[in-house]
Amino acid sequence: MSDQAQAMELKAATEKIRTELAKVIIGQETVIDDLLGCFLSGGHCIITGVPGLAKTTLVGALAKCLDLEFNRVQFTPDLMPSDITGSEILAQDRAAGTSEFKFIKGPLFSNIVLADEINRTPPKTQSALLQAMQEQEVTSSGYTYKLPEPFWVLATQNPIEQEGTYPLPEAQLDRFMFSIEIGYPELDAELQIARRFSSMARIEPVLTLDEIISFRDLAWRVPVADSVVNYAVRLTRSTRPQSSDCPQDIKKYLTWGAGPRASQFLVLAAKTYALLDGRPTPDIEDIRRAAFPVLRHRLVRSFHGDVEGVSSNDLVKRLIEEAP
């Protein structure tokens, strides 16, 4: 099958996924597209939103559409790394009269893992995700175990009630391809949500495992014009206050900018956005569309940014407006 035919199949499947998700999720079209784009890219995602915005419901429904194994882990202050990666136990064979250590897999051994309220657990447990997210494997007692394919980590954060939490360090935030922010629904959407509160909906699978792997491979093969890649790199470099590409009026609001990984993710995300829209190749508008989820969590604001209330979203917007 040609890449163009596969792209048309992907677009049709995407429409079916949106239709299935609409049974339980009202509105949030941009969030759904960002999640699909992140999943096709093979990246991981961190989702920020206040309680009650259906973050967990959305992820669970998407897992059913993709027909993949899904595990949710509630991150708490007493959660240990072995609680998510797994641990070894001493298993006894009564018939043979022998004992041996046996590795019991944790909830991380799943296709889709939701790390709920990841900032509620200490750094020791947060860092247990790093190897899994980067290498798709887990090491325990000197042995390395491969995680299933595909493997997708989604972490949620509550932006309120920050007392007693453990903010993720910049090095770990950079492992997440996307940072998606979920806001309150519009009035019409909230009215529909209230009306549907007591109704039950069944989510039907849309894609098979073979189709998912095929579509993910397709996302990497999408051609990109040099001008689009150049724009992505220039936009990333403009976030670094030490760089000459950073506008002078923005430098004072930044302490640190995005690294080369952000340039790679901008191009990759642009590819998936083009595929989701049924286009053969991305353009500069796709880079701008990807700029917010890719860059917002990679910008370290300065003291001036905090004092003047200039958010990361404000900075990304200004950088897009001033980018050549």
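Note on Cα extents along the principal axes in Å: of the candidates (1) 58, 36, 36; (2) 74, 49, 49; (3) 74, 46, 44, the value calculated from this structure sits at (3).
With the Cα gyration tensor of the stretch 185-270 giving a ≥ b ≥ c as the square roots of its eigenvalues, does the rule (a/c under 1.5 for rounded; else a/b larger than b/c for prolate; else oblate) give rounded, prolate or oblate? Note, shape of the stretch 185-270 comes out oblate. Less than 5 angstrom separates the built amide H of Ile180 from those of Ile46, Ile47, Thr48, all sequence-distant by 5 or more or on a different chain.
Taking a label point 7 Å from the Cα of Ser87 along the Cα→Cβ vector, which residues of the stretch 125-153 have an amide N closer than 16 Å to it? Inside the label zone: 125-126, 128, 139-142. Across the stretch 104-118, coupling constants 3J(HN,Hα) worked out from phi with the 6.51/-1.76/1.60 Karplus curve, θ = phi - 60°, read 9, 5, x, x, 5, 7, 8, 6, 10, 10, 9, 8, 6, 6, 4 Hz, and Gly and Pro carry x. Checking the a/c ratio against 1.5 first, then a/b against b/c, what shape does the Cα gyration tensor give for the stretch 63-102? Cα axes put the stretch 63-102 in the oblate bin. Taking the Cα centre of the chain as reference, the dipole from Cβ charges on Lys and Arg (+1) and Asp and Glu (-1) amounts to some 220 debye. The 3J(HN,Hα) values that the Karplus relation (6.51, -1.76, 1.60; θ = phi - 60°) gives for the stretch 165-178 are, in residue order, 9, 10, x, 5, x, 4, 4, 7, 4, 5, 6, 7, 5, 10 Hz. Gly and Pro appear as x. The H on the amide N of Thr255, modeled in the peptide plane, is under 5 Å from the matching H of Val300, Arg301, Ser302, each at least 5 residues off or on a different chain.
Descending by average beta-carbon neighbour count within 10 Å, the peptides 270-278, 248-256 line up as 270-278, 248-256, the highest first. With θ taken as phi - 60° and the Karplus curve 6.51 cos²θ - 1.76 cosθ + 1.60 applied, the whole-hertz 3J(HN,Hα) list for the stretch 241-253 is x, 7, 8, 6, 6, 7, x, 4, 6, 9, 3, 5, 8 Hz, x standing for glycine and proline. A full extension of the chain between Glu186 and Ile104 corresponds to an added length of 25.0 nm, given 0.36 nm per residue minus the alpha carbon distance.
With contacts taken as Cα pairs under 8 Å at a separation of at least 6 residues, the stretch 209-311 carries a relative contact order of 31 percent. Per residue, the average separation of C-alpha pairs within less than 8 Å and at least 6 apart gives the chain a relative contact order of 22 percent.
Helices that extend 24 Å or more along their long axis by alpha-carbon positions and average at least -0.5 on the Kyte-Doolittle scale are, among the DSSP H runs of the chain, 260-276. Apply the a/c threshold of 1.5 to the C-alpha gyration tensor of the stretch 63-144 and tell me whether it is rounded, prolate or oblate. Taking the square roots of the gyration eigenvalues as a ≥ b ≥ c, the stretch 63-144 is prolate. Close amide-amide hydrogen proximity is noted between Tyr145 and Val138, Thr139, Ser140, each under 5 Å apart and 5 or more residues distant or on a separate chain (H modeled in the peptide plane; Pro and chain starts excluded). Treating r as the C-beta distance of Ala194 and Asp314 and R0 as 41 Å, the FRET efficiency rounds to 0.80. Where only DSSP H runs of four or more residues are counted, the chain gives -13500 deg cm²/dmol as its mean residue ellipticity at 222 nm, each run worth -39500 (n - 2.57).
The lysine pair tally for the chain, using Cα distances under 26 Å and a gap of 8 or more places or different chains, is 25.
Laboratory data are not the source of any read-out in this text; all were calculated from the coordinates shown. If you're wondering where the values come from, they're calculated on a predicted model, not measured in any experiment. Glycine also receives a Cβ, built like all others from the backbone with ideal geometry; neighbour counts cover every protein chain displayed.
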